[in-house]
1. Return the whole-Å distance between the Cα centroid of the stretch A:3-35 and the Cα centroid of the stretch B:27-92.
2. May I ask you to derive the FRET efficiency for B:Ser51 and A:Asn57 from their Cβ-Cβ distance with R0 = 45 Å, giving the value to the nearest 0.05?
3. Anything over 23 Å Cα to Cα? Flag those among A:Lys71/B:Lys99; A:Lys54/B:Lys57; A:Lys56/B:Lys57; A:Lys5/A:Lys56; A:Lys54/B:Lys99, in the order listed.
4. Determine, from the Cβ-Cβ distance of B:Asn71 and A:Gln3 and an R0 of 25 Å, the FRET efficiency 1/(1 + (r/R0)^6), rounded to the nearest 0.05.
5. What average count of beta carbons from other chains do you get within 10 Å of the Cβ of residues in A:33-40?
6. Using the Karplus equation 6.51 cos²θ - 1.76 cosθ + 1.60 (θ = phi - 60°), what ³J(HN,Hα) coupling, rounded to whole Hz, does each residue of the stretch A:35-49 give in order, writing x for Gly and Pro?
7. Enumerate the aspartates and glutamates that A:Lys68 could reach by cross-link, defined here as Cα to Cα under 15 Å, with residues fewer than 8 away along the same chain left out.
8. Find out how many positive minus negative residues lie around A:Gly43, taking Lys and Arg as positive, Asp and Glu as negative, among other residues whose Cβ is under 13 Å from that of A:Gly43.
Amino acid sequence: DQQVKQNSPSLSVQEGRISILNCDYTNSMFDYFLWYKKYPAEGPTFLISISSIKDKNEDGRFTVFLNKSAKHLSLHIVPSQPGDSAVYFCAAGETSGSRLTFGEGTQLTVNP
Amino acid sequence: KAGVTQTPRYLIKTRGQQVTLSCSPISGHRSVSWYQQTPGQGLQFLFEYFSETQRNKGNFPGRFSGRQFSNSRSEMNVSTLELGDSALYLCASSLGQNKPSDTQYFGPGTRLTVL
């Protein structure tokens, strides 16, 4: 039972344009959401997070949006840069514990 | 500050064997979590150790086990290896606050291949 799903295995965008990565979840107990970025041969690195009491969190070029009623979150990268090319994982957790549930990942390719 | 280290980086085993993977957390971190990454499945949570005790456990069979030492270093063991155990095994360390906002820092992983 995949409680966190990223339905797009891959996404390709042009440098300078917006990248939008999507994630859906089914467990209504999740109240904290994160995005991680992973380069080949490296472990995932934390990118940005959002609590369920908010619907938007921004950090530089990265913005995460949360739609609780739709159980959907998205990561916007503006403007996209070639160095952003990586696998992006969304993850969800409950404030009652540290366990994270990850999605399958989306390979983002930003073309120069 | 040194990051999370995992040894070995690559491992090849045959079916039926057992394997032990090691993880050294960031200094000062007391929690270590283990994940299995396979294509199309994302990161699957195995277990978390805090203060030498297993605090959380995922839905993996008993062949997967772990432990944590007093210096917070952790080991993961897989017995009676199966072909499906071939994966990237990642460990992550955190302060141990037992909440999702306690950022987990990942190591580079151990690539296990079972032949």
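Laboratory data are not the source of any read-out in this text; all were calculated from the coordinates shown. Since we're looking at a predicted model, the values are computed, not measured. As a convention, Cβ positions derive from the backbone with ideal geometry for all residues, glycine included, and neighbour counts pool all protein chains shown.
1. The distance from the Cα centre of the stretch A:3-35 to that of the stretch B:27-92 comes to 25 Å.
2. Efficiency for this residue pair is about 0.90.
3. Violating the 23 Å limit, Cα to Cα: A:Lys54/B:Lys57; A:Lys56/B:Lys57.
4. Efficiency at R0 = 25 Å is approximately 0.15.
5. 2
6. Values, residue by residue: 10, 10, 10, 9, 8, x, 6, 10, x, x, 10, 5, 10, 7, 9 Hz.
7. Cα-Cα hits under 15 Å: A:Asp24, A:Asp31, A:Asp55, A:Glu94.
8. Counting the neighbours of A:Gly43, the net charge comes to +3.
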